[in-house]
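Derivation of every value follows stated rules applied to the coordinates shown; laboratory data play no part. Everything numeric in this text was worked out from a predicted model, so none of it was measured. Positions of Cβ are backbone-derived with ideal geometry, glycine not excepted, and every protein chain shown enters the neighbour counts.
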Amino acid sequence: MKQLTITFLALVFTSIATGQEKNIETKSVLIDNFISFIVDHIKTKTEASELPADNIIFLLETPANELVVEDKVVLNQAFKLISKRLTETDNISIITHKGFNGVALHQTSPKDIKAILYTIENLKSSVKEFHENGIELAYEFANENFVEDAINTVIMIRNPKAMSGEEVTVQNTKSHKTKNNVVLMTAMALLPEIISVIKD
């Protein structure tokens, strides 16, 4: 809990410092609540929409190695939903912090779902240059890639597995069959939420 508070305060103070320079919004969500967060905070737009463009940087808290299977399932479903809600004129980026810090996905159209899902599946190898501090990197990136007349936002996706220092290794990963069961159970847990989104 103490570590979470320190991390959050660091994020807030960094946001305030950079916010004096440019108008960059900061939001935060637990990875388990990411899909419902999207439903509540990312509006559905069309190409003809008069809403301002979105330039969103997703700051993803990661373990030292790769994400666990159930987190990948959540992220895959979440970014598919984002792809449906945003347009070609919007931009999304993915930056990692904690376990490893770097830019995993540079500004990309949310419609390029293939590139986005590849990044989630190959998160660590997608980072070409590692940095000391992912939070600072995210706001430097936000300033350097600021889009005028757009809503520029940093969304921090908090991951309790990363905060607890849990690493995803071969030793702590069970059999392939168990992985498949986890994916199935996670998908079933997400099903009511996904159906609700489709109905909307």
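Before moving on, here are some points about what is shown:
- When you filter the trypsin sites (Lys or Arg not before Pro) in segment 50-129 for DSSP loop state and at most 10 other Cβ atoms inside 10 Å of their Cβ, you are left with LYS128.
- For chymotrypsin sites (Phe, Trp or Tyr not before Pro), no site in segment 59-120 is both called loop by DSSP and has at most 14 other Cβ atoms within 10 Å.
- The GluC sites (Glu not before Pro) of segment 32-86 meeting both criteria, a DSSP state outside H, G, I, E and B (loop) and at most 13 other C-beta atoms within 10 angstrom of the site's C-beta, are GLU47, GLU50.
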